[in-house]
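First comes the structure, then the notes that go with it.
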Amino acid sequence: MFKKLGLLALIALQGFWGFSQDARLSSLSELSLLTVGTGQDLASKFGHSAIRLQDPSLGIDEVYGYGTYNFEDPNFYLNFVRGKLDYTITRYPYKYFERGYILEKRWIKEQKLDLNLEQRKAIVAFLETNLLPQNRFYKYDFLFENCATKIPEVFEKNLGKGLHFNCDYLDNQFTFRQLIHQNLAVNSWSNFGIDLALGSVIDRKATPYEHLFLPAYVYEQLKHTTLDGKPLVKNESVLLDIPTPKVNTPFLLTPVFWLGLLLLSVAYITYKDYSQQKRSIWLDVSLFTVTGLAGLLILFLWFFTDHMATKINFNFLWAFAPNLIVGCYLFKKQPPKWLRMYIFIAIGLLLLSVVLWLFKVQIFSILMCLILPTLLLRYLFLLGYFKASKNRIIQ
């Protein structure tokens, strides 16, 4: 949904040509929406939207795109995680835009807009004003401030009350999570990671307008949009006809394989421990440490970032941050007496997460069907083991 701000974009920021707020365009000028297909890496899994300006009499063929960023920004990764990274609008020649997507093997579709000269001038002047240094940067939000959401915003601010988005084409309204899942394979680490990081706030149904955070829905919406009673789109074409390649991830690299292997391994080790009346300390420390670290990440994204989609995340019930501290006590052969009560609480939190899932308070990753039994099995073993150890000490 957003593109890396590389050398070409940096050059574009210098401007190949410029407009004042009174954009000078000829009667042959045209504006169109460009929609780009999905790519291979997570940053491009949701497509891209941009606005194209053509004016053959002036030799202009440029693309305006929101949602670009610069890897060279100070503290790039920290600001990205905290939701404080500045994104920007850029403008650069269409030939570079197309060349980049040829290399990425992503299709481009174009919808030419039925606008009069004054309307085209107003939109271009607005975009050029956005390009000014004092206006160029904005705080990115995956759901509400991205390359796709900016498109209807541009049209609304410049085409007036005659613009009407007809949303009747939507047969179903989806939740934000369902919309995200439409672009990701179920058995993928990216899908699992997103479901882990994003909270229950994305499990509400998106309004028809809110569906427009995805470029594919902006593309469909424009087909059903009118301006002063006439269709906004006058014709469509495919500029780059590149089929979206199917990614066949080897099963041995998928989360189902590794999480399934974890479940079987924990079940086998737990059975051996139960049979031999011993405890594999390394396994307990590992499980509690990993879930504790995951819990810390969830709490960080919830309370210490500006990301709205990571709020109220009930994954913290099974990825319980205090597990990180408890993991240190599990190094001991005879952990403290209060640990048995802690295990009781941890089991209760696991069951509570299942209840919240069943009542759709938050939809967890389907891969939790492997993780929750893994943890429950080991917690139940520890509960019995510590009880038996207490009885042996009393005797």
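Every number in this text was worked out from the coordinates using simple rules, so none of it is lab data. All of these numbers come straight from a predicted model, not from anything done at the bench. Note: ideal-geometry Cβ built from the backbone for every residue, glycine included; neighbour counts use all protein chains shown.
Can you list the HN-Hα couplings for the stretch 152-160, worked out from phi with the Karplus curve (6.51, -1.76, 1.60; θ = phi - 60°), rounded to whole Hz and with x for Gly and Pro?
Coupling constants for the stretch 152-160: x, 4, 4, 5, 4, 6, 10, 10, x Hz.
Just flag the chymotrypsin sites (Phe, Trp or Tyr not before Pro) in the stretch 329-363 sitting in loop per DSSP whose Cβ has no more than 14 other Cβ atoms within 10 Å.
F331, F359
Just want the answer: with Cβ charges of +1 for Lys and Arg and -1 for Asp and Glu, which residue in P215, L170, A185 is farthest toward the dipole's positive end in the chain?
Farthest along the dipole direction, towards plus: A185.
Stick to the Cα atoms of the stretch 285-352, pair each with every other, and give me the Kirkwood hydrodynamic radius in Å at one decimal.
When all Cα pairs of the stretch 285-352 are included, the Kirkwood radius is 12.6 Å.
With θ taken as phi - 60° and the coefficients 6.51, -1.76 and 1.60, list the Karplus ³J(HN,Hα) couplings across the stretch 253-260 in order, rounded to whole Hz; mark glycine and proline as x.
Listing the rounded values in order: 9, 8, x, 4, 5, 6, 6, x Hz.
Compute from the Cα atoms of the stretch 201-307 the Rg and the Dmax, the latter being the longest Cα-Cα distance, and quote both in angstrom.
Reported Rg and Dmax, both Å: 25.1, 79.
5 Å is the cut-off here: which amide hydrogens, built 1.01 Å from N in the peptide plane, fall below it relative to L163, excluding neighbours closer than 5 in sequence?
Close amide H contacts, sequence-distant or interchain: D228.
Collect residues whose amide H, placed 1.01 Å from N in the peptide plane, falls under 5 Å from the amide H of I60; neighbours closer than 5 in sequence don't count.
D55
When the scattering of the chain is computed by the Debye formula from its Cα atoms alone, each counted once and equally, what is log10 I(q)/I(0) at q = 0.08, 0.15 Å⁻¹?
-0.54, -1.33
Of F300, L372, I343, whose Cα points farthest to the positive end of the dipole of the chain (charges on the beta-carbon: +1 Lys, Arg; -1 Asp, Glu; origin at the Cα centre)?
The listed residue farthest towards the positive side: I343.
Could you size up the charge dipole of the stretch 200-263 around its Cα centre, putting +1 on the beta carbon of Lys and Arg and -1 on that of Asp and Glu, and report it in debye to the nearest 20?
60 debye
Could you give the dipole magnitude of the stretch 136-189 about its Cα centre, charging the beta-carbon of Lys and Arg +1 and that of Asp and Glu -1, in debye to the nearest 20? Don't skip to the end; give the middle numbers.
Values: 6 positive and 6 negative charges, 52 e Å.
Once rounded to the nearest 20, the dipole reads 240 debye.
Which entries in the list K332/K387; K105/K205; K112/K230; K95/K230; K139/K311 go over 25 Å, if you measure between the two C-alpha atoms of each?
K105/K205; K95/K230
For the stretch 313-395, just list the percent of Cα-Cα distances falling in each 10 Å bin from zero outward, please.
Pairs per bin, as whole percents: 16, 46, 26, 10, 2.
What Kirkwood hydrodynamic radius, in Å, does the stretch 255-395 give when the mean of 1/r is taken over all pairs of distinct Cα atoms and then inverted?
Over the stretch 255-395, the inverse of the mean reciprocal pair distance is 16.0 Å.
For the chain, what does -39500 (n - 2.57) per DSSP helix run (n ≥ 4), summed and divided by total residues, give at 222 nm, in deg cm²/dmol to the nearest 500?
-14000 deg cm²/dmol
If we count every other residue with Cβ under 14 angstrom of Y329's Cβ, Lys/Arg +1 and Asp/Glu -1, where does the sum land?
+4
Karplus couplings for the stretch 261-275 from phi (6.51 cos²θ - 1.76 cosθ + 1.60, θ = phi - 60°), rounded to Hz, Gly and Pro as x?
Values per residue, Gly and Pro as x: 5, 4, 4, 5, 5, 5, 4, 5, 5, 5, 4, 5, 4, 5, 5 Hz.
Where a Cα-Cα gap under 16 Å defines reach, which aspartates and glutamates qualify for K272, not counting those fewer than 8 residues away within the same chain?
D284
By DSSP, what percent of the beta bridges with both residues in the chain are antiparallel, rounded to the nearest 5?
95 percent
Could you give the size of the charge dipole of the chain about its Cα centre, using +1 on the Cβ of each K and R and -1 on the Cβ of each D and E, expressed in debye and rounded to the nearest 20?
Details: 41 positive and 31 negative charges, 436 e Å.
Dipole size: approximately 2100 debye.
Report, in degrees rounded to the nearest 10, the 0 to 90 angle that the Cα long axis of helix 368-394 makes with the longest principal axis of the chain.
20 degrees
How much net charge surrounds G83 when only other residues with a Cβ under 10 Å from its Cβ are counted (Lys, Arg +1; Asp, Glu -1)?
Here the count lands on +1.
Hey, what angle do you get for helix 281-303 against the long axis of the chain, alpha-carbon based, 0 to 90 degrees rounded to 10?
40 degrees
Could you order peptides 223-233, 270-280, 35-45 by the average number of other Cβ atoms within 10 Å of their residues, highest first?
Numbers: 223-233: 15.5, 270-280: 13.5, 35-45: 18.4.
Ranking, from highest mean packing down: 35-45, 223-233, 270-280.
Alpha carbon centre of the stretch 267-326 versus the stretch 221-236: separation in Å?
51 Å
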